[in-house]
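Here the structure comes first, spelled out in structure tokens, and everything after it is commentary.
The values are calculated or read from the model by the stated rules, or taken from the named source; none is laboratory data. Computed from a predicted model, the values in this text were never measured in an experiment. Cβ sites come from the backbone with ideal geometry, for glycine too, and all protein chains shown count toward neighbours.
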Amino acid sequence: MSSCSLENQNPNLTSSSPLKNWSNIWSKNKKALNDHPIISTIRRRSFYRKPPPPPSQPPPQPTENTPQVSQPAVVKQAPKSETLSTDLYENDGQDYISSISDDTLLRILAKFEEKGEICSNSLVSKKWLNLGGGLVRKVEVCDWGFVKSGRIFLRFPNVVDVDLVKASVVCGDKLRSCGFSLGREFGPFCVGSDVFVGKNENLLLCVEDVDSGLKELVSMYPNLRRLVVVNCSEIGLLDVAERCVTLQELVLHCCNDQVLRAIAAFQNLQILKLVGNVDGFYSSLVSDIGLTILAQGCKRLVKLELRGCEGSYIGIRAIGQCCQMLEELTFCDHRMDDGWLSGVSYCENLKSLRLVSCKRIDGSPGLDEHLGSFRMLERLHMERCQLRDKESLRAVFLVCRYVKEMVIKDCWGLKDGIFLNASLCRRLKFLSLEGCCKLTTEGLESVVLSLKELESLRVISCKNIKDNEVSPALSTLFTTLRELKWTPDNRSLVSTSLSESGMGKRGGKFFKKLQFEHLKLEHLKLGI
């Protein structure tokens, strides 16, 4: 109720009218009443109440002939648009989300699928479940029955990437926790204590079951682009090659030379990963015969990874001569014979060479003139390798002497005398050392100062490299670098990145001070 409504209902009221006086008092004390706790509580409660129904007959309007009698004030009805949205749903009972078209809903769900939230959205309704499954492109199967029953085809009809590794591991009573992990590819599985090395192939699905599952899989997914499979045969691999013409990436676990005879049927294969041995789990033979078959069949390979594979100079040379488009080659935990490194030089267009978890590089690399070199090589990556053999590491640096980027991470046995051979890479522009505990500041300086084209340097977690051992020549080099990340240990004071802070342009003052302190220490030692 307000004074304005009273005047509209009876315009003949004068200032002396008691009702007019009451309205003036009401308007003066309106602010005080609004701040009263009881009034505010009543208003909050009344907001959530539905408005009262309109009167059946409107009140009579005053005319000139009718007597002027004061009428009680009528509270105005709130418009329908001011009520809560829940009242609208209660009134009509219509689900507006269900009225959204499938095309519009697919566009909305596609935004969630990019963020990985499509699984939670599929719990809303069956319609969202079906539409969300059509957006999934990558599936990691954990139960083989999901494939055999055909539920995977109904749930995810448009899949182009299938991983069957975890589903191929038989999880029975034998799999009890004993602390033996199968690695990243197999997830959190453990092998039972009653299963010993050499008889672990019974933990995998038999070849017949894998082949039959592959046959059903590729018949429903002819547009597969990537496939990860374990313990298949030559027949199962041929079914994949015939149905999935557009397959570009293939990962084969527990494969052998006989299985690789079907690899030539893949016309568009560009990325291939062969896993021959996983210590303590399974063992299969991939020798020079399989590598030669691979080289002659997959001439369009761009990336090749050999893990736990055997072979020699003959097989690696065949790959280099036949696979002219090969750009990235990875050796992981290899069992190669001595002298295999000289065969890598036949990969003329190779741009990246990776050595991961290799217990040894090459026991007998041979003469320097037989090693050759990579003209197109840009990146050398060594991670978790044993670098105790000076001759083998020198052969690697000699083969990769035209490399521009070098990364050495968590490698054992890298000492100053062995790392000195890295100065053979004269064109090196980026050097990253991480977890090299045997390397000292003197050994680093002897190599870094010889690299005239060096632009970026990263030294991380190398505990024998100290700040107080940095020479004036090395500190001067730091000022000329474009990027520097210097955290050899937790006590390091020089921890910065030149590319982010601009220290390469205005950091001369800091390193001049460091150089002055170093000279002062030398003078104290000499007694000057």
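Just one of 278, 259 is within 29 Å of residue 204 (Cβ to Cβ), at pLDDT below 95, in contact with a Gly (Cβ under 7 Å, 6 or more places away or on another chain) and among the aliphatic types (A, V, I, L, M); which is it? I'd like the intermediate steps shown before the answer.
Working: 259 fails: in contact with a Gly (Cβ under 7 Å, 6 or more places away or on another chain).
Answer to the selection: 278.
Contact map, segment 211-239: residues that are touching a residue at least 60 places away in the same chain (Cβ under 8 Å) paired with residues that are assigned to a helix (DSSP H, G or I) and of a type in the set (Lys, Arg), Cβ distance under 7 Å, separation 6+ or inter-chain. Pairs shown: 213/148.
Of all residues in segment 390-399, none are more than 26 Å from residue 461 (Cα to Cα) and basic (Lys, Arg).
For every residue, the table says whether it meets (1) assigned to a loop (DSSP other than H, G, I, E, B); (2) under 30 Å from the mean Cα position of the chain (by Cα); (3) β-branched (Val, Ile, Thr).
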residue	(1), (2), (3)
257	yes, no, no
261	no, no, no
274	no, yes, no
295	no, no, no
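Here is a yes/no grid of residues against (1) in contact with a Lys or Arg (Cβ under 7 Å, 6 or more places away or on another chain); (2) surrounded by 15 or more Cβ atoms within 10 Å (Cβ to Cβ); (3) not polar (S, T, N, Q):
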position: 425; (1), (2), (3): yes, yes, yes
position: 454; (1), (2), (3): yes, yes, yes
position: 470; (1), (2), (3): no, yes, yes
position: 473; (1), (2), (3): no, no, yes
position: 478; (1), (2), (3): no, yes, yes
position: 484; (1), (2), (3): no, yes, yes
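Among the residues of segment 297-306, those identified as of a type outside the set (A, V, I, L, M, F, W, C) and either modelled with pLDDT of 95 or more or farther than 25 Å from residue 282 by Cβ (or both) are 299, 300, 303, 305. Annotation: residue 204 fulfils all but one of (1) modelled with pLDDT under 95; (2) crowded, with 17+ Cβ neighbours inside 10 Å; (3) under 21 Å from residue 138 (Cβ atoms); the unmet one is (3). Confirm whether residue 431 is hydrophobic (A, V, I, L, M, F, W, C) and either touching a His at 6+ places or on another chain (Cβ under 9 Å) or outside any strand (DSSP E or B) (or both). Judged against the criteria, residue 431 is not a match.
Does any residue of segment 408-421 turn out to be buried (at least 18 other Cβ atoms within 10 Å of the Cβ), part of a helix (DSSP H, G or I) and not polar (S, T, N, Q)? The answer is yes, given that some residue of segment 408-421 is buried (at least 18 other Cβ atoms within 10 Å of the Cβ), part of a helix (DSSP H, G or I) and not polar (S, T, N, Q).
So, of the residues in segment 138-165 that are within 19 Å of residue 240 (Cβ to Cβ) and among the basic types (Lys, Arg), which turns out to be modelled with the lowest pLDDT? Of everything passing the filter in segment 138-165, 138 is modelled with the lowest pLDDT.
Residues to consider are 444, 454, 477; find the one that is more than 34 Å from the chain's Cα centre (by Cα), under 27 Å from residue 398 (Cα atoms) and either in a loop (DSSP other than H, G, I, E, B) or not aromatic (Phe, Trp, Tyr) (or both). Don't jump to the end; show me each part of the working.
Values: 444 fails: more than 34 Å from the chain's Cα centre (by Cα); 454 fails: more than 34 Å from the chain's Cα centre (by Cα).
Exactly one of 444, 454, 477 is more than 34 Å from the chain's Cα centre (by Cα), under 27 Å from residue 398 (Cα atoms) and either in a loop (DSSP other than H, G, I, E, B) or not aromatic (Phe, Trp, Tyr) (or both), namely 477.
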